[in-house]
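Please treat every number below as a calculation from the coordinates, not as lab data. In this text, all values refer to a predicted model and were calculated from it rather than measured experimentally. Heads up, the Cβs are rebuilt from the backbone with ideal geometry, glycines too, and the neighbour counts pull from every protein chain shown.
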Amino acid sequence: MKEKLEVGQIVNTFGINGFVKVYPYVNDIKRFDDLNKIYIKLRKEEVELEIEEVKYQKNMVLLKLKGINTIEEAEKLRNAYIEIDRKDAIPLKKDEYFIADLLGLEVFTDTGEKLGILDDIYNNGSSDIFVVKNELGKQFLLPYIDEVIKNIDLNLGKIIVHLIDGLI
């Protein structure tokens, strides 16, 4: 399991005093209120920064980071990913998973056929969509609904799915 979890991406600057605008990858954006530090991943570099202030604007998070005091300094962080230590994550409920733990798991049908590897997850508004890629590069899109996703076993590194008519 990864030690750090991605919680958002810096998409822009905000104002002239070094605030950055963050597109959050979390269910509850108010969770940023509880964070003291974050890690910024920009290119191949990782920097630990302390959070000085958190504000919210619509569905975006505005962060003032210690040492980032001008729009020019904030601009250098644009497109960077924000990570936190796993220990700082909100505890999950039963049958909830961190996306980082699911990516790379092998996906099998309930008849034992290997479909491929879980390559990506995105939300289409009504449910999460699992993007499964086989060894030939073909992608299968599977909705994360009870009728399709039957079992996720992190210990075995497997996801079992049921292919309903018309899915593939």
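Taking a sphere under 12 Å around the Cβ of LYS55 and counting the other residues whose Cβ falls inside, with K and R at +1 and D and E at -1, yields a net charge of +1.
Computed from label points 7 Å out along Cα-Cβ, the spacing between ILE99 and TYR122 is 1.0 nm. As a proxy for reagent exposure, ranking THR13, THR109 by other Cβ atoms within 10 Å from fewest up yields THR109, THR13.
In this label model, LYS66 and GLU113 are separated by 5.6 nm, measuring between points 7 Å along each Cα→Cβ vector.
Given the peptides 152-162, 121-131, arrange them by the average over their residues of other C-beta atoms within 10 Å, most packed first. It would help to have the intermediate numbers written out before the result.
Details: 152-162: 14.7, 121-131: 12.5.
Ranking the peptides 152-162, 121-131 by packing returns 152-162, 121-131.
For VAL11, nonlocal amide neighbours, meaning residues 5 or more places apart or on other chains whose placed amide H falls under 5 Å from its own, are LYS21, VAL22, TYR23, ASN79.
Shape summary of segment 5-63, radius of gyration then Dmax from alpha carbon positions: 11.0, 31 Å.
Taking the average, over residues, of other Cβ atoms within 10 Å as the packing measure, peptides 81-94, 57-70 rank 57-70, 81-94 from highest down.
With a simple spin-label model that places each label point 7 Å from the Cα along the Cα-to-Cβ direction, the separation between VAL11 and ILE164 comes to 3.0 nm. Placing unit charges on the Cβ atoms only, positive for Lys and Arg and negative for Asp and Glu, gives segment 99-157 a dipole magnitude near 160 debye about its Cα centre. For segment 99-157, what does the alpha-carbon gyration tensor say about shape, rounded, prolate or oblate, given a ≥ b ≥ c as the root eigenvalues, a/c under 1.5 as rounded, and a/b over b/c as prolate? Rounded shape, in that the Cα axes give a/c under 1.5.
Across segment 98-106, coupling constants 3J(HN,Hα) worked out from phi with the 6.51/-1.76/1.60 Karplus curve, θ = phi - 60°, read 7, 4, 4, 7, 8, 4, x, 5, 6 Hz, and Gly and Pro carry x. For the chain, the Cα gyration tensor yields ellipsoid semi-axes of 36, 15, 15 Å (square root of five times each eigenvalue, largest first, whole Å). Placing +1 on the Cβ of every Lys and Arg and -1 on the Cβ of every Asp and Glu, with nothing else charged, gives segment 4-88 a dipole about its Cα centre of roughly 240 debye. Helical content alone sets the calculated 222 nm signal of the chain at -1000 deg cm²/dmol, taking -39,500 (n - 2.57) per DSSP H segment of four or more residues and averaging over every residue.
Values of log10 I(q)/I(0) for segment 43-82 across q = 0.21, 0.32 Å⁻¹ run -0.76, -1.31, by the Debye formula with one identical scatterer at each alpha carbon and no solvent.
If you filter segment 1-78 for GluC sites (Glu not before Pro), then keep DSSP loop positions with at most 11 other Cβ within 10 Å, what is left? Kindly include the intermediate steps, with their values, before the conclusion.
On the way: sites: GLU3, GLU6, GLU45, GLU46, GLU48, GLU50, GLU52, GLU53, GLU72, GLU73, GLU75; in loops: GLU3.
Filter output for segment 1-78: GLU3.
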